[in-house]
Amino acid sequence: MKIYTKTGDTGKTSLLGGSRVSKADLRIDAYGTVDELNSYIGLLRDQEINQKREGLLKEIQDRLFTIGAALATEPGKEKVKRPDLHNEDLELLEKEIDAMESQLPPLRHFILPGGHQVVSFCHIARTVCRRTERCVIDLIEIEHVDEIIIKYLNRLSDYLFVLGRLVAQELKVEEVTWKPRM
């Protein structure tokens, strides 16, 4: 199979289900941003410090592909075979967040991204996750999207924030806190 099909040369692409839409369609923007987020999760997975979390980060990437498939499916095409999210996927993230937070001091200030390259990668992934969430919410305003997708993205951004804090602790770098100028 060739990687190029030439079917998108006019600025249109196909949804799962067959209809063709503009590549600027909100649905395409949403699952394209999921793909961008997935790439950042891959970058995090590739960091040496995250070797012990490699399995979980791969699981998150798998769930992001699931979300991408849901978003790429034409509305009303329930018979299109695709994977789906489960409440257990949310619970896994919550369990991981709780486990990481139990190792961290209480948060008393806003945290500025930075302090170490890997910490910054966590924050980049977190902000892309938040943008992904906003794209999906834009889509929800005009078409049905399963609400578990928003819940998952919301929980994932929380996970990425706490991961950044834990990575900072593991690397023995001080968290950069925001001290507002008054």
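Just so it is clear, none of the values below were taken in a lab; they were calculated from the coordinates. This one's a predicted model, so the numbers in the text were calculated from it and none came from an experiment. So basically every Cβ, Gly included, is an ideal-geometry build from the backbone, and we count neighbours across all protein chains shown.
Odds and ends about this structure:
- Coil-residue GluC sites (Glu not before Pro) of segment 35-126, DSSP, other Cβ within 10 Å capped at 13: Glu78
- Percent of C-alpha pairs per 10 Å bin, segment 107-182, short to long: 19, 40, 25, 14, 2
- Remark: segment 76-142 is approximated by an ellipsoid whose semi-axes, taken from the C-alpha gyration tensor as √(5λ), come to 31, 18, 11 Å, largest first.
- Taking the C-alpha atoms only, the angle from helix 26-45 to the longest principal axis of the chain is near 40 degrees.
- Mean shadow area of segment 1-64, taken as a quarter of the surface of its Cα convex hull (nm²): 5.8
- Relative contact order of segment 108-182: 52 percent, from C-alpha pairs under 8 Å at least 6 residues apart in sequence.
- Segment Lys172..Asp46, full-extension length gain: 43.4 nm, with 0.36 nm per residue of separation and the alpha-carbon distance subtracted.
- Ranked by how many other beta carbons lie within 10 Å on average, peptides 149-158, 107-116, 134-143 from highest: 149-158, 134-143, 107-116
- Ranked list, fewest to most other Cβ atoms within 10 Å of each Cβ, for Ile148, Ile28, Ile67: Ile148, Ile28, Ile67
- Normalised contact order of segment 17-134, rounded percent, pairs of Cα under 8 Å and 6 or more residues apart: 34
- P(r) weight above 21 Å for segment 27-152, C-alpha pairs, percent: 44
- The chain: calculated mean residue ellipticity at 222 nm from DSSP helix runs of at least 4, using -39500 (n - 2.57): -19000 deg cm²/dmol
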